[in-house]
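Quick notes on the structure that follows.
The values are calculated or read from the model by the stated rules, or taken from the named source; none is laboratory data. Just so it is clear, the model here is predicted, and its values are computed rather than measured. Here the Cβ is made from the backbone with ideal geometry for all residues, glycine too, and neighbour counts use every protein chain on show.
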Amino acid sequence: MRPIRISLLFMLALCLAGCVTGDTPEQKRAVVRQMRTEVLNDLYRNKPDVRQQVSDATGYAVFSNANVNLILASFGGGYGVVHDNRSGADTYLKMGEVGLGFGAGIKDFRIVMVFHNSDAFARFMDYGLAVGAQADAAAVASDKGAAVGGELQLDNITVYQLTEAGLALQATIKGTKYWPDPELN
């Protein structure tokens, strides 16, 4: 019974981590836009050439995600925004992920997805699905430690992952579902 309680507590913490803070929809959108700006600035500091890649792309997405891996299963959730470079429109999304593989740990990380052509962007917006493989190791807290990770995505989408905090060692195959946030759109 104890492992089930621990699993439920982890999943509850994960759900809470996927919530955007703020009292009004506009305040929540501002929090998401601020997160996007900070994540892109961090990415550009580490990989300056990505700025041009994002600028030239059909669109891009930035997500804040929390992930829990319990031996054979991985669960995650978060929020973010997709930006259409052609129209300038933002679409606010929620996300959830489930994976199978070996590992243990909890981590808080950010994802930047760059859509290199209009077909990939349209498929993502229409279906909101991503399937991939992930392997990483992370031991990060308060700007100390390090994280090494890689993520494989197909369909003319480049994915960058930036670990904020966590302790994890995992290798999983996962599926992620993205859907519009009805409160913020």
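Given the structure, is Glu38 of a type in the set (Asp, Glu), modelled with pLDDT of 90 or more, over 19 Å from Ile157 (Cα atoms) and over 16 Å from the mean Cα position of the chain (by Cα)?
no
With respect to the conditions (1) in contact with a Ser or Thr (Cβ under 8 Å, 6 or more places away or on another chain); (2) farther than 15 Å from Tyr160 by Cα; (3) in contact (Cβ under 8 Å) with a residue 24 or more places away in the chain, Phe115 lacks only one, and its number is (2). Check Gln53 against each of (1) touching a strand residue (DSSP E or B) at 6+ places or on another chain (Cβ under 8 Å); (2) closer than 20 Å to Pro180 by Cα and name the one condition it does not meet. In the conditions (1) touching a strand residue (DSSP E or B) at 6+ places or on another chain (Cβ under 8 Å); (2) closer than 20 Å to Pro180 by Cα, Gln53 misses (2) alone. When residues in region 29-78 are screened for being assigned to a loop (DSSP other than H, G, I, E, B) and either hydroxyl-bearing (Ser, Thr, Tyr) or surrounded by fewer than 15 Cβ atoms within 10 Å (Cβ to Cβ) (or both), 4 of them pass. Taking region 1-28 as the search range and keeping residues that are surrounded by fewer than 16 Cβ atoms within 10 Å (Cβ to Cβ) and at pLDDT 65 or above, which one is nearest to Ser64 (Cα to Cα)? Per the stated criteria, the residue is Thr21.
Restricting Val159, Val81 to those that are at pLDDT 95 or above and outside any loop (DSSP other than H, G, I, E, B) reduces the list to Val81. Six or more apart or on different chains, Cβ atoms under 6 Å: show the pairs whose first residue is in region 19-32 and over 11 Å from Asn185 (Cβ atoms) and whose second is of a type in the set (D, E, K, R). Final answer for the pair search is Val20/Lys28; Gly22/Lys28.
Apart from one condition, Ser142 fits all of (1) polar (S, T, N, Q); (2) touching a His at 6+ places or on another chain (Cβ under 6 Å); (3) modelled with pLDDT under 55; the exception is (2).
Go through the residues of region 97-106 one by one and say whether even a single one is over 17 Å from the mean Cα position of the chain (by Cα), outside any strand (DSSP E or B), surrounded by fewer than 20 Cβ atoms within 10 Å (Cβ to Cβ) and not hydrophobic (A, V, I, L, M, F, W, C). Within region 97-106, none of the residues are over 17 Å from the mean Cα position of the chain (by Cα), outside any strand (DSSP E or B), surrounded by fewer than 20 Cβ atoms within 10 Å (Cβ to Cβ) and not hydrophobic (A, V, I, L, M, F, W, C). Look at (1) in contact with a Gly (Cβ under 7 Å, 6 or more places away or on another chain); (2) of a type outside the set (D, E, K, R); (3) surrounded by 15 or more Cβ atoms within 10 Å (Cβ to Cβ); (4) modelled with pLDDT under 85 and you find that Ala165 fails only one, number (1).
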